[in-house]
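Student: Below: one structure in structure tokens.
Laboratory data are not the source of any read-out in this text; all were calculated from the coordinates shown. Treat the numbers as computed from the prediction; the structure is a model and nothing was measured.
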Amino acid sequence: MPDRFRHIAALARLVILDGLRSHALIGLVLFALAGTSCGLLFIDFIPRDIGRAANDFLFATTWLTGFIFLLFHAVQVMAWDAKRGALHSFLARPISRTEYALALYSGLAVLLLALNVILGALGWGVLNIIKDSVEIAYFENLSLPFFLLAAAGLYWIQMIILSVILLFSSVVRGSFPVLLLTLCYYFICNGLPVVRDSFKEGVAADQSKAADVLLQWLTAIFPDFSWLDFKTLAASTDQIPSPAQLTMPFAQATLYIAIVLWIACSIYKRRDLQ
């Protein structure tokens, strides 16, 4: 077991160094820095509730940056590439396919965490600058614990998508099909709650029972990302959710990630490399 962890850690370091060497992380930080700096414009263009608007904008910038990282870096790293032959080279050494898959996921997760930490620090600084520049009536509350909770929720959503990218990469070859499948998965996850709510309102309860059960089961495959969206708590005076409402989504998301990784590793072990 210790050897397995060493193999995973060694390959994860290679993935991290490769990401830094390709300037993927640096370029995204500069892109997000420009977007985060635009948050200062909220002082002049929004007359009321500046705190909530600036907070939402900064978290949206962080999410967009992480999503770009997932689609245009993580997909490229994980996708099967016959021309590079990278997977053959790694497996020629004493490392199993499970270790290879987990190392890819771990390395990209660390890069994603570093990106979120940098952007979170920038966003927190911008929010404090805005708060100190306006009257308290326009920016009533700014909570560091809830800001960290919102950042953690955002990171967990990205970790879910990253695990799904690994799953798709184990099933199909090529970065473009994985990219399309990931986009479809993301859109279904965001659209399924809307369909479920509209279906309940438009159809009688006795007629929609079977369809409602089906939509509920589909949530197990396409999770509702809004469960992990806590960004409104960081800069508002809304009622604080109960501890169960704050911890249960993270537990469910962690279980979902573990199941998806297990399925991806199982497919990797049986996949023909040719």
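Student: Could you derive backbone 3J(HN,Hα) for segment 213-218 from the dihedral phi with the Karplus parameters 6.51, -1.76 and 1.60 (θ = phi - 60°), listing whole Hz in sequence and x where the residue is Gly or Pro?
Tutor: These are the phi-based 3J(HN,Hα) values: 5, 4, 5, 5, 5, 5 Hz.
Student: Between segment 215-229 and segment 102-127, how many Å separate their Cα centres?
Tutor: Between the Cα centres of segment 215-229 and segment 102-127 lies a distance of 24 Å.
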